[in-house]
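What follows is a short report on a single structure.
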Amino acid sequence: MSPTTENTTSVPTAILLRGRGRRVPPGAAGSILLGLAGVLSVLLLWEIATRAGWIGSSALPTASQTLAAIPRLLITPEFWAALGQTLLSTLVGLLLSAAIALPLGTLIGLNTVLHRLLYATIEFLKPIPVAALLPLALLILGVTTQMKLGLIVFGTLWPLLIQVIYGIRNVDAVAWNTAKSYRISTLRRFGAVVIPSAGPYIATGLRVAAVTALLLSVVTELVGAVPGLGYEIRRAQSAVQFDVLYAYVIVTGLVGLLFNLLLEYAEKRVIFWKGAAAEGTR
Amino acid sequence: MTRRISQFLIALLLPLALLVWWWFGSASSGAFFFPPLSKILTRFRELFLSPAVMDTLVPSLINLAAGFLLAAVIGVFGGLILGQHPRIQAFFAPLIHFFRSLPGPALLPLFMLLFGLDMQMKVWVIAFTTLFPILLNTIDGVRAREPRWKDVDDVFRISQQRRFWHVTLPGAMPQIMTGLRVGLQTALLMMVVSEMLASTNGVGFLVLQSQQQFRVPDMWAGILMLGLLGLVLNLLFEPIERRVLRWYHATHDPASQ
């Protein structure tokens, strides 16, 4: 992985391949400029298409109208309240899910009998589309925060549990037994043996669960009319305020993007000793 | 062999126990929200194992299949191209990351405005949201190939075409399959939500409408159907994935060495 070995090989290949059009990746500044150009071209295309009437519909405001609606949106208290509700329920749902999955997953991962008994059932529960349970949750709990949290927990619990179990079972038995025979305390054994090898799996599981939690927050708000960003999108639609609708969708996307980048950054920092492990999922 | 069978039976123990408990626990249930399982299964038969299926499961499956396949084809092809051309990839990167982070259902009102409420809109919205996990995983798969392979290719002057078919594509395959698996879940979610918000048929519509009209057994039957659908899709995907990646597991699974 050291850069020196890269250099020694790249000289002869560069000579070998002169004139064959090697695709040189752009540098950091180049990437940013190209990306900026990409975003600007889409906005420009949008502006031209709506102004020239290619998409002849009042349902699509121009790009400039939409962008102008964003700052107007950002100064309304409704927006910040909705954002707060969405993010808060995402985090609380995630915490509840983790509070169940971490101890339970560790227990199942360590106990072979429990693993055989429960693992298939957990695998069965994972692919159930959680949105299908929304009407049931609405029926039983009504349009409440508990309903929203219940769905988030149900939707994030199984994948997270599977990651935790997988991570715990991935712990090297020899390392564990060695530590045990040296009479290293259970607590220290967890810190020195379990966390380093199970940590990456658990961290990936938590990141994916966080993204799912945000998604389910928005879904319940959209379909179940619980307060939050999803509800505001729906309201802008029925109020025929299309520029507000588009502004909300763009801001929701940006919030999601920021959330994703933060989580990926946090995962890399916390699990500094290993690249993203386990079932890679986005 | 007997050990595998006994493990399989142990794994089935809990689901079976739960079903039995549901059956007998609800048999004489008077609770409005939890009707007897026998009643739910009767409605299940009437809704999905009769001509009524043309209005419930069939439209859902068509939307799901069309949307997913469209996204898979565009996502894998686009990903292979973008993965091999860093400049084009850099051009699209912020847009791709924006759309993969945007919770898909938030786009539904927008698609409803632009395309109306017909079936095509649902196919488009499923395809659009499913595209990004597939695209992104394919790009990552192409780019993450081992740099040493490229040097080997360069030294032996292996042609671009052979390089693509024998190195790039197989090297990206595990990640492409991951993208497709995640995409399938996204597609299923979008199918359900799009039918709930903008439809007059499909299983998602059935579930939400039954709830609003307090036809509780119908709602349960629909939920059961969607759960089964998720399960079956997962069970179908796994052998395909294992088959496609057989060489990969053979070289990476320490147990086989």
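The values are calculated or read from the model by the stated rules, or taken from the named source; none is laboratory data. What you see is a predicted model; the values in this text were computed from it and never measured. Neighbour counts run over all protein chains shown; Cβ positions are idealised from the backbone, glycine included. For accessibility, only protein heavy atoms count, side chains too; no ligands or nucleic acids. Shrake-Rupley method; radii C 1.70, N 1.55, O 1.52, S 1.80 Å.
The calculated FRET efficiency for the pair B:L117 and A:A28, based on their C-beta separation and a Förster distance of 56 Å, comes to about 0.80. Hey, if you drop one equal point scatterer on each alpha-carbon of the stretch B:66-194 and run the Debye formula without solvent, what base-10 log of I(q)/I(0) do you get at q = 0.13, 0.16, 0.18, 0.21 Å⁻¹? So the normalised log intensities work out to -0.56, -0.77, -0.91, -1.13. With the Cα gyration tensor of the stretch B:1-145 giving a ≥ b ≥ c as the square roots of its eigenvalues, does the rule (a/c under 1.5 for rounded; else a/b larger than b/c for prolate; else oblate) give rounded, prolate or oblate? Oblate, because a/c is 1.5 or more while a/b does not exceed b/c. Per-peptide packing, taken as the mean over residues of other Cβ atoms within 10 Å, places A:42-52, A:152-162, B:214-224, B:15-25 in the sequence A:152-162, B:214-224, A:42-52, B:15-25 from highest down. When only Cα pairs under 8 Å and 6 or more residues apart are kept, what is the percent relative contact order across chain A? Result for chain A is 23 percent. Volume of the convex hull of the stretch A:157-237 (Cα atoms only), normalised per residue: 90 Å³.
Over what distance in Å are the Cα centres of the stretch B:134-176 and the stretch B:3-59 separated? First find each Cα centre; the distance between them is then 46 Å. Counting only Cβ charges, +1 for Lys and Arg and -1 for Asp and Glu, the dipole size of the protein assembly as shown around its Cα centre is about 1440 debye.
Starting from the Cα of A:N170, step 7 Å toward the Cβ, then list every residue of the stretch A:190-213 with an amide N under 12 Å from that point. Hits in the stretch A:190-213 for A:N170 at 12 Å: A:195-206. Extent of the stretch A:134-282 along its three principal axes (Cα atoms, max minus min coordinate, largest first): 70, 34, 21 Å.
Equivalent-ellipsoid semi-axes for chain B (Cα gyration tensor, √(5λ), whole Å, largest first): 41, 27, 13. With the cut-off at 1.5 for a/c, could you classify the stretch B:160-223 from its C-alpha gyration tensor as rounded, prolate or oblate? Prolate, because a/c is 1.5 or more and a/b exceeds b/c. Our analysis of chain A gives Rg over Rh at 1.08, with the two radii drawn from alpha carbon positions and Rh computed by the Kirkwood formula.
Mean residue ellipticity, 222 nm, helices only, chain B: the sum of -39500 (n - 2.57) across DSSP H runs of n ≥ 4, divided by residue count and rounded to 500, is -26500 deg cm²/dmol. Scaling the Cα radius of gyration of the stretch B:109-154 by the globular reference 2.2 N^0.38 Å produces a ratio of 1.93. Overall size of the stretch B:146-257 from C-alpha positions, given as principal axis extents largest first: 70, 33, 17 Å. Average 1/r across all pairs of distinct alpha carbons in the stretch A:82-148, invert it, and you get the Kirkwood radius: 14.2 Å. For trypsin sites (Lys or Arg not before Pro), the sites in the stretch B:90-197 that DSSP calls loop and that have at most 12 other Cβ atoms within 10 Å are B:R157.
A P(r) calculated from all alpha carbon pairs of the stretch A:121-169, with 10 Å bins opening at zero, reads 26, 44, 24, 6 percent.
Taking the alpha carbon gyration tensor of the stretch B:2-53, multiplying each eigenvalue by 5 and rooting it gives semi-axes of 29, 18, 6 Å, largest first.
When all alpha carbon pairs of the stretch A:42-122 are counted in 10 Å bins from zero, the resulting P(r) reads 14, 21, 17, 16, 15, 15, 2 %. Inter-chain neighbour count for B:190-201: the average number of beta-carbon atoms from partner chains within 10 Å of each residue's beta-carbon is 3. Each principal axis of the stretch B:73-137 carries a Cα extent, and these read 38, 21, 16 Å when sorted largest first. Remark: the Cα gyration tensor places the protein assembly as shown in the oblate category, a/c being 1.5 or greater and a/b not exceeding b/c. Above 12 Å, the calculated P(r) of the stretch A:196-236 contains 60 percent of its Cα-Cα pairs.
A 1.4 Å probe run over the protein chains yields, for the stretch A:189-232, 23 Å² of accessible area per residue, whole-number rounding.
Derived value for the stretch A:100-194: Kirkwood hydrodynamic radius 15.3 Å. Basis is the mean of 1/r over every pair of different alpha-carbon atoms.
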